[in-house]
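**Student:** Got a structure here, written out as structure tokens. Questions coming.
FYI, it's all coordinate maths here, none of it is from the lab. Quick caveat, the model's predicted, so the values are computed rather than measured. All Cβ positions, glycine included, derive from the backbone under ideal geometry; neighbour counts span all protein chains shown.
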Amino acid sequence: MAEEINQPLGMRLRKKDDFSTLIELSNGEVILGRSPECTVVIEDSTVSARHARVYTYLTVSYIEDLGSSNGTFLNENKVQKHILKPGDIIRLGKYQLVVDKPHVDSISKKKYS
């Protein structure tokens, strides 16, 4: 059981009804937004240029809104900053990310539209 707790988290980005895109969370930050400089680029007018970040330190990850226009929601509650746990659903504009345990070894820069 202790091994499970110490595993890093991941997020699955929902594009329509597809949750297949996995984003691993390792130490450091993942910036989510429309800007091409973001780690995860979401091309949608409901998402701000630098909408939110997920910061991970050791085995703890949290979501933080970066002053977005439409807000960052965790389990349908608007949040400024909050710790993440498996099963949480993050909503940025009309996009959803589901927090779960990853089964991949690296994170890569991705673009979604």
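**Student:** At R0 = 22 Å, how high is the FRET efficiency between residue 62 and residue 94 if r is their beta carbon distance? Nearest 0.05 is fine.
**Tutor:** 0.45
**Student:** Using a 7 Å offset from the Cα along the Cα-to-Cβ direction at both residue 44 and residue 27, what is the distance between the two label points in nm, to one decimal?
**Tutor:** Between residue 44 and residue 27, the simple spin-label model gives 3.3 nm.
**Student:** Sort the following peptides by mean Cβ neighbour count (other Cβ atoms within 10 Å, averaged over residues), highest first: 74-84, 57-67, 88-98.
**Tutor:** So the order, starting with the most tightly packed, is 88-98, 57-67, 74-84.
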